[in-house]
Each structure stands twice: as C-alpha cells, then as structure tokens.
1. Take every DSSP beta bridge whose two residues both sit in the chain, then give the antiparallel share in percent to the nearest 5.
2. Under the 0.36 nm per residue contour assumption, what length would be gained going from the current alpha-carbon distance of residue 282 and residue 32 to full extension?
3. Using the Kirkwood formula on the Cα atoms of region 237-522, what hydrodynamic radius do you get, in angstrom to one decimal?
4. Compute the normalised compactness of region 123-239: alpha-carbon radius of gyration over 2.2 N^0.38 Å, N being the residue count.
5. Output the 0 to 90 degree angle, nearest 10, between the alpha-carbon long axis of helix 505-521 and the longest principal axis computed from the alpha carbons of the chain.
6. If you fit an axis through the alpha-carbon atoms of helix 237-249 and take the longest principal axis of the Cα set of the chain, what angle between them do you get, 0 to 90°, nearest 10?
7. Let me spell out the model: positive unit charges on the Cβ of Lys and Arg, negative unit charges on the Cβ of Asp and Glu, origin at the Cα centre of region 20-230. What dipole size does that give, in debye rounded to 20?
8. Of the accessible area of the chain, with the probe set at 1.4 angstrom, what percent is carbon plus sulfur?
Amino acid sequence: RQPWRSPGVPQAPLSLPTPRWPVECEVIQETIEHIEWVPPKPEPFCPPMDLEQSLYTLSEEQGTIVYHSNPALQGSCFTCARVGGAPGPLSSPAAPLEGPQDTTLLFESRFESGNLQKAIKVGPYEYVLMLRPDLYTAKHTQWFYFRVQNTRQEPLYRFTIANMAKPKSLYGRGLQPLLYSQRDAQSRGIGWRRVGTDVCYSRGSAGEPPLFRLSWTVCFPHDGDTCFFAACYPYTYSDLQRYLRALAADPARSRYCTVQVLCRSLAGNPVHLLTITGPGSTAGKRVVVASARVHPGESGGSWAMRGFLDFLLSAHANAQLLRRLFIFKVVPMLNPDGVVVGNSRCSLAGRDPNRAYGMALPGSFPGVWHLRAMVQRVLAEREVVLYCDFHGHSRKNNVFMYGCDTGGDGTGTRLRQRVFPLMLSKNAPDKFSFSSCKFQVQKSKEGTGRVSMWRLGVSHSYTLEVAFSGSTLGGRGSHFSVEDLESLGRLLCDTLLDFCDPAPAKLQQCLVEADALLQRQMGCEPGSGGSWSNVSPSDLESSTSGSDSSVSDG
C-alpha cells in the first residue's frame, strides 16, 4: 500500500512505467498502436435498420465457440496487480484453424482497453459476440474493442454483440462501429473509419436486467488482414504515457507544464496531474481545473482533452494569454485502471468513481478523492473560476454540458450558470447544442465531480458531454472525427477567454439571451414581464434524458 501523505498534494515527477494489470488478466505481448487519420470528408450517419426488417435471429446455442477469454477472478474484488498481468504462459482462447481453407475469424482482445469475452460462430460468416462486463461486476457492457484476423474480402460478415446493457443507444439513430485495417494503415495511411450496414440495436434476452443486441454487416477490405473494431476511437493509458513522454522531451512546451503524480490507482498506475501556466509570478492568478476519463469507455473525452492540452501548450497568441491569466490543473485520466482493462464505467473497485466524490474513501477511489482534495486545497488560496469534466454520451447526439442550478440562488447567479455553455454553442455552432444542456442537480448526482466541485465553492462547474456519434447541427448529420473531438479542446479555451473578458459586452449579451430563452421555455414572450426566477430547475427542463449513467450501482 502507498504511504499516507497530505491529501491532494502531488508527488514528485516519476518515470512513465509500463501499465499494471490485475493478476487475473492475461495480456498478450504485442504492442497495439494505431495511426491517426482524418477522413477526407465527413462520414455520414448510416440509416438504421428497421427492427421489423431484421431477417433472421441468430441462435448462439446452435453455434460453435471460437473464442473464450474469461479472467479467472479470485473472489469478487480486486486483490493485486503486476506489470503484464497474469504470470505464466498464456492460454489459447481462440479455436485453432483446421487449415488454409478454414475461414473462421481469429479473435483477440487481451490487450489494453480490449474487452471481448466470447465469440460464437453461428454461420459461415456470422458471429455472436459477448463483451466482458466491467471487472468485479456483472454489468456495464457498452464499450467494445477487439481484433480479428484471417479475414476474407468477398463475403458479407454479420456481427451481433448480444449483451449490451443500455435500453437506448445512438446505434439506433445512425451511429456506426469503427474499423481499423492494419493493411490499409501500412499501405495507404488510412486509420479508423466508420463501417457497417444494416446496423440494428434491439432488445435481446427477456431476463432481468434485460440485455440488448447490437448487429451490423460489414465487408473487410482485404484477404488475410488484421482488423480491429471499436465503439469509439481508442485512447489507452499507454497513449497518454506516450503523449506525456513527448511533452517532457519538448523544450518549448515543457517550459509551461509540470507533470506530477497526483496519486496511484488501486493497481499502482500513476494518476498524472499537469500544471500549466506562464513563466513569472503566479500572484493573483485564478485557477481552471479539468479532468477526463473517470469513465474509461468514454474515449472521446480523451481526444477532446488532448486538443485542450495541445492548444494550451501551443505558441498561439490566445494560448499565451491563457497561460498569463490562469493556472491550469489538469488530470487527463482519472481512472487509468479502468482504461487499461477495457471497462466501460467502473474502476477496479467495481463501482462508478463518478458517484464517489462524496465518500471519504481514498483507498477505494484514489483518483477522485485526491482530485477533490487538491481542489479544496487550491480554493483555500485562490479562486477556481471553472471546473470541467470531459465525458462521452451514448444516447444523445452533439456536444453539450451539465451545470449546477438548484433554484435557490438569485436570478443573476442562475443565468450566469448558463452563460459559459451558451458562449461555447456560439463558438462551436456545428457541434455544441445549448438546447441539450441541463442544469438540474438531482440527488443521484451528488457524488459526481461536477456537483462535488460546485458544493466546494467552484461556482462554474460543468460536465462536458461528447456524443459517441457526431453532430446533427448546421446540416451536418455526420460522425465526429478525431479532428472534430480535438477541436473541442481549442474551442473550450476560446470560450474561457470570452467568459473572462473584462469588457462586459459578450457576457451581457449572453445574459440577456439566456433570460429570453428561459422565458420562452416558460411560455412567456421575452420582454413581456413574465418571470422564471421562482421556477425550479426540474420544471425548467425535462429530467428524462440526463447523464449517461446506466443502471444504479446499488
């Protein structure tokens, strides 16, 4: 166990070690890396398959298991970890091929962020797949990332993930899975791309809790290729380590950035804290706090975070101004263990850490506990002008925010809660939807980072939600690329300058506009003398499509 030390006080910088895994997890030795690529034009949403047009029902009972990787969990909770995971020789979860004419796909996911548990061949080119639940739980199946080999170019393949957890998904509204072809990456420089026709998301088993099925049809681009499927662009703990290594080796950027270890995770993986500010005195500087990947399956948040860091550390005039005005405290990966093992939502505690900010449990939830303690310590010395926690969302398109309005404050304070998201919507009109933003503080969300920081005294505390899919704004109707996700970080920086502009014109304009929008929500014409100031947030907005939380953690 790590020795006790002052809460929220980071340790000295450490080297960037190889990830540590629970000892139950087998890990292949190959290094999995993907090239970055942006499609030459936006990838449109795919018309989802009508449920009534579903032509066949796959029966896994009649199929053949061709891959089965099930961690031998010792008991129901995490015990210890080591570099490389399980000791000893690896098992062989994939069924061996019977010869060169055998067209069975070879599956694998025992690598960082992979989470395929079982593959069942139910037809010549049809497979039913089962995802591994978050470790030490029996649920939270949403993220997926796995490899297939021994592909054929001609046939149509049909894949069905049979144990998705959520009743609703953007796969029912045009979202497509991602495919990565190793041969295309090596020979043509093409990376992750959206694929799949006849994409269908439907109810599967009738048990409790019910499970849901995601199906898609695809053609592989080459014979004998190595391909990967993923729910969103993967961004692993090793990707972050490589980014931080390059940052430390860059004499220009490292002048503005100190990388420290906020704490260590349950498995002993460092949780990194970046402090970014300009040279010289920090007297009078206010603080901005940002975090990402408390939910490991929401990898889009990491790409937005990378765009945020890239811009902050650039030579751009606005970046220089931001460094002159503020101190940035950034935790780019709050839940490294969950990212390493391929969880969707939980840490190795088997619980959602974004419901644990109110718990005094540093031994169970070290990342969020030390982040909260660090913010508490900073607040004793400085104003924290903004907290933003980067997330992904599986059920709503576009980008939007959740803020904090309990209805107990004055009209001016309640309006100011809405100004930052409104400004961001103006800076990103083709991505950010202000109408999708929510400000209600539900009791079930008291343990979240957003509400916890607000309760501490951070007056503008937000969750940034980035759709797994893309944008329907500005006539787009297309998936987000990595470039789109990274641009959100820069746009967040631009909005911060607008929000803190000493000239009041932009702020006043947004206050007036937010007031008019709220009056319209209450059925009053702006300027008619109608008032919303005594109306509760729950009456101002529907609570039916809130955060992306799944079934209660219990």
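The values are calculated or read from the model by the stated rules, or taken from the named source; none is laboratory data. Keep in mind that what you see is a predicted model, and the values were worked out from it rather than measured. Cβ: placed from backbone, ideal geometry, glycine included. Neighbour counts: every protein chain shown. These area figures cover heavy atoms from the full protein model, side chains too; ligands, DNA and RNA do not enter into them. Shrake-Rupley method; radii C 1.70, N 1.55, O 1.52, S 1.80 Å.
1. Numbers: 57 of 83 bridges.
Of the beta bridges lying entirely in the chain, close to 70 percent run antiparallel.
2. Details: separation 250, 0.36 × 250 = 90.00 nm, distance 4.11 nm.
The span from residue 282 to residue 32 would gain 85.9 nm if fully extended.
3. On the way: mean 1/r = 0.0522 Å⁻¹.
For region 237-522, inverting the mean 1/r across all distinct Cα pairs yields 19.1 Å.
4. Details: Rg = 14.8 Å, N = 117, 2.2 N^0.38 = 13.4 Å.
Scaled against compact globular proteins, the figure is 1.10.
5. 70
6. For helix 237-249, the angle is close to 60 degrees.
7. Charge dipole of region 20-230: 540 debye, to the nearest 20.
8. Numbers: 11520 of 22280 Å².
Here it works out to 52 percent.
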